[in-house]
Amino acid sequence: MKLYYFPGACPLVTHIVLEWIGKPYDTQRLTREETKEPAYLALNPEGLVPTLVDGDFVLTQSAAILEYLAELNPEADLLGNDPIGRAETRRWLSFCNSDIHRTFGLVFKAPLFTAGDEAAARAVSAKATEMLRSFFAIANDQLRGRDWLTGKRSVADPYLYVLLRWAHAKGVPVDDFAELTRFHARMERDPGVQAALAAQDLA
Ligand SMILES: N[C@@H](CCC(=O)N[C@@H](CS)C(=O)NCC(=O)O)C(=O)O
């Protein structure tokens, strides 16, 4: 089992889940440039991370990878153990992977969408930041009275943690969200999170 990643990007979610599962795994660190080279494109035609290789099986897309790992390792109890539990995990995983992650793309890459118009790029980034705050407000509400998004630990939680790291890095204000602050601090104390951060030289 090998995870392809570059530090701090979304594969950090899978890296934390692999630590939580606690079985041996390998990682391959890449540069962004290496993700566009033919050898890697043969694994992941989008030239994005993560990619998970398990024997002959090559899997891309964070949500699919996270569910695959959770299903392979039911004893880790990271997906939910009945239809409603699994639906709740998928609901919050989609919220993180589709809604929040994609919107960060507009903050990270605003100039790509505005044909060199810097003022327009700032406007795109500002609108995306406003949208991100509304998403984070929903996650904050969800965590009121809960330690985990679904009420129990799942593959959605490290996703929210990584998105909060991005918010801090990109100046998306989240410090006024008390539940998110509490969640982030608790995740930072988690041994699996600490191990994944150390492995990616982010500790
Ligand atoms: N839908 C994909 C998105 C993957 C993705 O956006 N990966 C980013 C890092 S978080 C990436 O590889 N970016 C490199 C680039 O844009 O060149 C997934 O969920 O795995």
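As an exercise: evaluate Ala119 against (1) surrounded by 13 or more Cβ atoms within 10 Å (Cβ to Cβ); (2) over 26 Å from Arg29 (Cα atoms) and give the number of the one condition it does not meet.
Status for Ala119: all satisfied but (1).
Of the numbered conditions (1) more than 16 Å from Ala70 (Cβ to Cβ); (2) surrounded by fewer than 19 Cβ atoms within 10 Å (Cβ to Cβ); (3) at pLDDT 95 or above, Leu132 fails exactly one; give the number of that condition.
(2)
If I go through the range 135-173 residue by residue, how many of them are assigned to a helix (DSSP H, G or I), of a type in the set (Val, Ile, Thr) and crowded, with 17+ Cβ neighbours inside 10 Å?
Of the residues in the range 135-173, 1 are assigned to a helix (DSSP H, G or I), of a type in the set (Val, Ile, Thr) and crowded, with 17+ Cβ neighbours inside 10 Å.
Check off (1) surrounded by fewer than 22 Cβ atoms within 10 Å (Cβ to Cβ); (2) within 9 Å of the ligand (Cβ to nearest atom); (3) under 22 Å from Val193 (Cα atoms); (4) of a type outside the set (A, V, I, L, M, F, W, C) for Gly22 and give me the number that stays unchecked.
(2)
For Val49, indicate whether it is closer than 30 Å to Ala123 by Cβ and either modelled with pLDDT under 95 or surrounded by fewer than 15 Cβ atoms within 10 Å (Cβ to Cβ) (or both).
No.
For a quick check of your reading of the model, give me the residue pairs whose first member lies in the range 43-58 and is more than 8 Å from the ligand (Cβ to nearest atom) and outside any strand (DSSP E or B), whose second is of a type in the set (Asp, Glu) and modelled with pLDDT of 95 or more, with beta-carbon atoms closer than 7 Å and at least 6 apart or on different chains.
From the range 43-58, no pairs qualify.
Report the residue count in the range 79-117 for those that are outside any helix (DSSP H, G or I) and either within 13 Å of Leu160 (Cβ to Cβ) or over 19 Å from the mean Cα position of the chain (by Cα) (or both).
Qualifying residue count, the range 79-117: 6.
Somewhere in the range 56-71, is a residue farther than 24 Å from Ala199 by Cβ and either touching an Asp or Glu at 6+ places or on another chain (Cβ under 6 Å) or not acidic (Asp, Glu) (or both)?
no
Residue check: is Thr27 surrounded by 15 or more Cβ atoms within 10 Å (Cβ to Cβ) and either farther than 23 Å from Met187 by Cβ or of a type in the set (Asp, Glu) (or both)?
No.
The values are calculated or read from the model by the stated rules, or taken from the named source; none is laboratory data. Quick caveat: nothing in here was measured; it's all calculated off a predicted structure. Every residue, glycine among them, receives a Cβ derived from its backbone with ideal geometry; neighbour counts consider all protein chains shown.
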